[in-house]
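Chemist: Take this structure, written in structure tokens, and hold onto it; I'll ask about it next.
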């Protein structure tokens with residue numbers, strides 16, 4: 001039901017912003033920012049459940065933290081870059097958004113290299 005809260009908050013924000021934009025455009029921007037903050041707070045609460053589940057999975061499987069931390073970093077970079085790029089797109093700066101996404105992809109690749117090396121080492125041991 002948490003997703004329903006996010007959708008309702010988004011819809012209320014959009015409707016309020018559209019109504020107020022006709023009268024005071026600067027206040028409409030503040031309404032959008034407030035709505036974004038509320039949605040981010042709801043999203044952080046959802047992410048706490050995800051991290052708890054990840055910790056449970058890694059504790060049950062015995063996978064070392066050296067694999068757990070990079071996976072979380074990769075997920076975080078992906079979401080952060082997507083969020084930043086979308087803000088740039090909303091601001092009309094599509095070229096900046098593309099560069100943010102490109103940099104995020106490079107960062108993800110750099111963080112994933114040790115994981116790829118670990119997998120290759122395991123495969124080589126099996127052969």
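Chemist: Taking the stated definitions as given, is residue 123 out of contact with any strand residue (DSSP E or B) (no Cβ under 6 Å at 6 or more places or on another chain) and assigned to a loop (DSSP other than H, G, I, E, B)?
Modeler: no
Chemist: Only one of these is in the same structural domain as residue 104 (by TED's automatic domain parsing) and surrounded by 11 or more Cβ atoms within 10 Å (Cβ to Cβ): 69, 20, 6, 50. Name it.
Modeler: Details: 20 fails: in the same structural domain as residue 104 (by TED's automatic domain parsing); 6 fails: in the same structural domain as residue 104 (by TED's automatic domain parsing); 50 fails: in the same structural domain as residue 104 (by TED's automatic domain parsing).
Answer to the check: 69.
Chemist: Please enumerate the residues belonging to region 55-72 that are part of a helix (DSSP H, G or I) and either modelled with pLDDT of 90 or more or closer than 20 Å to residue 121 by Cβ (or both).
Modeler: Those that are part of a helix (DSSP H, G or I) and either modelled with pLDDT of 90 or more or closer than 20 Å to residue 121 by Cβ (or both): 58, 61, 65, 66, 67, 68, 69, 70, 71.
Yes/no matrix, rows are residues, columns are (1) closer than 30 Å to residue 114 by Cβ; (2) in contact (Cβ under 8 Å) with a residue 12 or more places away in the chain:
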| site | (1), (2) |
| --- | --- |
| 2 | no, yes |
| 10 | no, yes |
| 20 | no, no |
| 23 | no, no |
| 46 | yes, yes |
| 50 | yes, no |
| 59 | yes, no |
| 64 | yes, no |
| 71 | yes, yes |
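Chemist: Hey, another quick one. Scan region 30-38 and tell me whether some residue there is farther than 30 Å from residue 117 by Cα, in contact (Cβ under 8 Å) with a residue 12 or more places away in the chain, assigned to a helix (DSSP H, G or I) and more than 21 Å from the chain's Cα centre (by Cα).
Modeler: Yes, region 30-38 contains a residue that is farther than 30 Å from residue 117 by Cα, in contact (Cβ under 8 Å) with a residue 12 or more places away in the chain, assigned to a helix (DSSP H, G or I) and more than 21 Å from the chain's Cα centre (by Cα).
The values are calculated or read from the model by the stated rules, or taken from the named source; none is laboratory data. Note that the structure is predicted; figures quoted are calculated from it, not measured. So basically every Cβ, Gly included, is an ideal-geometry build from the backbone, and we count neighbours across all protein chains shown.
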